[in-house]
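*Asks:* I have a structure I would like to understand better, so I am pasting it below and will then ask my questions one at a time.
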Amino acid sequence: MARWQPDSALRLTEAALALFGERGFDDVTVAEIAERAGVTERTFFRHFADKREVLFAGGAMLQEVMVGAAASTPAGAGPLETVAAALDAMAGVLEQRRDFAHARHAVVSASPELRERELIKLASLGDALAEALRRRGVAEPAASLTAQAGIAVFHVAFGRWASERSDGLARLIEESLAELRALTAEAS
């Protein structure tokens with residue numbers, strides 16, 4: 001195997017997703033992923049702490065995008081409008097990586113361990129979004145309630161988008177937010 005080749009992280013990700021899709025997450029080893037990608041196990045571990053990280057490595061970047069979008073929302077925007085802007089920014093990133101997102105969703109959905117990890121990741125995104133709202137002056141419990149509701153909207157919309165392979169994650173988020181607004185209006 002070559003000592004160094006460009007784009008090894010991408011090749012490792014593609015190899016892992018292909019193997020996970022063929023045999024399931026639990027039945028694939030790091031050695032097999034590295035072999036399929038044409039690199040050594042050592043190269044794998046330079047990019048990822050373990051095979052789960054192939055699926056979850058982008059979480060920090062998504063959080064940055066989401067928090068950045070929340071922070072740049074106009075000063076007069078309300079909490080739900082701010083959350084909508086943050087979710088729209090995340091949708092833009094995921095739509096650019098549509099094939100990866102769909103393949104990743106299939107792998108995560110098939111594994112209880114990975115679904116649990118996904119929920120932890122979503123909770124972390126919710127915490128970061130609540131903090132972004134607090135920095136904008138939104139008091140508690142409104143900041144946490146709005147952020148967690150936004151993450152629930154994202155989770156539902158993303159599941160629909162990935163499972164149905166439908167177009168427009170941003171559109172599905174918008175529809176889900178409208179549904180949430182209608183439900184909360186009923187409760188008033």
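Every read-out reported here was derived from the displayed coordinates using simple, explicitly stated rules and does not represent laboratory data. None of these values were measured; they are calculated from a predicted model. Cβ placement follows ideal geometry from the backbone for every residue including glycine, while neighbour counts extend to all protein chains displayed.
*Asks:* Evaluate the charge dipole of the chain about its Cα centre and quote only its size in Debye, nearest 20, assuming +1 on the Cβ of each Lys and Arg and -1 on the Cβ of each Asp and Glu. Spell out each step's value before the answer.
*Replies:* Numbers: 21 positive and 27 negative charges, 82 e Å.
With Lys and Arg at +1 and Asp and Glu at -1, about 400 debye.
*Asks:* I've got another one for you. On each of the three principal axes of the Cα atoms of the range 8-54, give max minus min coordinate, whole Å, ordered largest first.
*Replies:* On the principal axes, the range 8-54 reaches 24, 18, 15 Å in Cα extent.
*Asks:* Hey, got the dipole for the range 75-148? About the Cα centre, +1 on K and R Cβ, -1 on D and E Cβ, debye to the nearest 20?
*Replies:* Charge dipole, the range 75-148, about its Cα centre: 120 debye, nearest 20.
*Asks:* Can you give the extra length, in nm with one decimal, that the chain gains between Ala75 and Arg136 once fully stretched, where that is 0.36 nm per residue apart less the Cα-Cα distance?
*Replies:* Taking 0.36 nm per residue and subtracting the Cα distance, the gain is 21.2 nm.
*Asks:* Anyone know which of His155, His47, His102 comes out most mobile in the 10 Å Cα GNM of the chain?
*Replies:* Comparing His155, His47, His102 in the GNM, the peak value goes to His47.
*Asks:* Across bins of 10 angstrom width beginning at 0, how are the C-alpha pair distances of the chain distributed, in whole percent?
*Replies:* P(r) for the chain, in whole percents per bin: 9, 33, 31, 18, 8, 1, 0.
*Asks:* Now for a separate question. What spacing in nm lies between the two simple spin-label points modelled at Arg52 and Glu35, each 7 Å away from Cα in the Cβ direction?
*Replies:* Label-label distance for Arg52 and Glu35, simple model: 2.5 nm.
*Asks:* Please list, by residue number, every one of the trypsin sites (Lys or Arg not before Pro) in the range 1-75 that is coil in DSSP and has at most 11 other beta-carbon atoms within 10 Å.
*Replies:* Details: sites: Arg3, Arg11, Arg23, Arg36, Arg42, Arg46, Lys51, Arg52; in loops: Arg3, Lys51, Arg52.
Those that pass, being in a loop and sparsely packed, are Arg3.
*Asks:* OK, next. Could you work out how much longer the chain between Arg97 and Ala178 gets when fully extended? Use 0.36 nm per residue separation minus the Cα distance between them, nm to one decimal. Present the calculation step by step, with values, prior to reporting the outcome.
*Replies:* Values: separation 81, 0.36 × 81 = 29.16 nm, distance 2.52 nm.
Between Arg97 and Ala178, full extension yields 26.6 nm more.
*Asks:* Next up: Give the separation of the Cα centroids, the range 37-72 to the range 153-185, in Å.
*Replies:* Taking the Cα centre of each part, the range 37-72 and the range 153-185 sit 25 Å apart.
*Asks:* At 222 nm, what helix-only mean residue ellipticity would the chain give, in deg cm²/dmol to the nearest 500, using -39500 (n - 2.57) for each DSSP H run of four or more? Display every interim value, and only then the final one.
*Replies:* Numbers: 10 runs with 144 residues, N = 188.
My calculation for the chain gives -25000 deg cm²/dmol from helical runs alone.
*Asks:* Next question. From the gyration tensor of the Cα coordinates in the range 1-104, what semi-axes in whole Å does the equivalent ellipsoid have, largest first, with each one equal to sqrt(5λ)? Let's see the in-between values first.
*Replies:* Numbers: eigenvalues 238, 39, 22 Å².
Semi-axes (√(5λ), whole Å): 34, 14, 10.
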